[in-house]
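Okay, structure first, notes after.
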Amino acid sequence: MSSDFLWEHGKAPDIVVEIVSNKKGGELDRKWKEYCRIGVPHYVVYDPACQIQNGELAYYQLQGGVYQKNEPIAFSGLNLQLCIWPGSFEGTGDRWLRWADGDGNVLLTGAELAEEERQRADHEAQRANDEARRADREAQRAEALAGKLRAMGIDPDADLG
């Protein structure tokens, strides 16, 4: 896999994220050595069931040709972080591995962005409806006041100037 990336792009990937699904994947031995050999600067192992490491998320940065464990999981120069996010994704509540910006704000998925935009549009539509109702009430109030003035013999449409 890593050699295919090198062949296609002419360089090692900036970040590799391995997701552990069983104890046979080689994430902390065979793959670790290969990514180190080809010069992948950032290596992350996500082990949600803690099958091969203590803790579900570990970040290693290539320093002097070897991986050193680092905290927090923030990728210098890329304005990116990885975090564990408790929430619902595609209708399933769980703890999810999510990308975040340099300040720790979770980057929204396309569906989340669309939902956020829908909510913003709904809010704006409600605000416009509220404003239209207020304008109607004011127009009714003005018409009622004009009727009272007419009943008193005053033309509310006459030029006062």
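None of GLU18, GLU8, GLU71 is surrounded by 15 or more Cβ atoms within 10 Å (Cβ to Cβ) and either modelled with pLDDT of 90 or more or farther than 21 Å from LEU108 by Cα (or both) except GLU18.
The set of residues in region 21-45 being over 22 Å from GLY77 (Cα atoms) and either among the aromatic types (Phe, Trp, Tyr) or touching a His at 6+ places or on another chain (Cβ under 9 Å) (or both) consists of TRP32 alone. Tell me, which residue of region 52-71 that is part of a strand (DSSP E or B) and among the polar types (S, T, N, Q) is farthest from LYS11 (Cα to Cα)? Taking the candidates together, the pick is ASN70.
Only a single criterion out of (1) surrounded by 13 or more Cβ atoms within 10 Å (Cβ to Cβ); (2) small (Gly, Ala, Ser); (3) assigned to a helix (DSSP H, G or I) is not satisfied by ALA100, namely (3). Per the listing LEU113, LEU78, LEU145, the residue uniquely outside any strand (DSSP E or B) and within 26 Å of ALA12 (Cα to Cα) is LEU78.
When each of ALA158, ALA100 is tested for being under 34 Å from the mean Cα position of the chain (by Cα) and of a type outside the set (S, T, N, Q), the lone residue that passes is ALA100. One residue stands out among those in region 29-51 that are assigned to a loop (DSSP other than H, G, I, E, B) and surrounded by 18 or more Cβ atoms within 10 Å (Cβ to Cβ): the one that is nearest to the chain's Cα centre (by Cα), which is ASP47.
The values are calculated or read from the model by the stated rules, or taken from the named source; none is laboratory data. What you see is a predicted model, and the numbers here were worked out from it, not measured in a lab. Cβ: placed from backbone, ideal geometry, glycine included. Neighbour counts: every protein chain shown.
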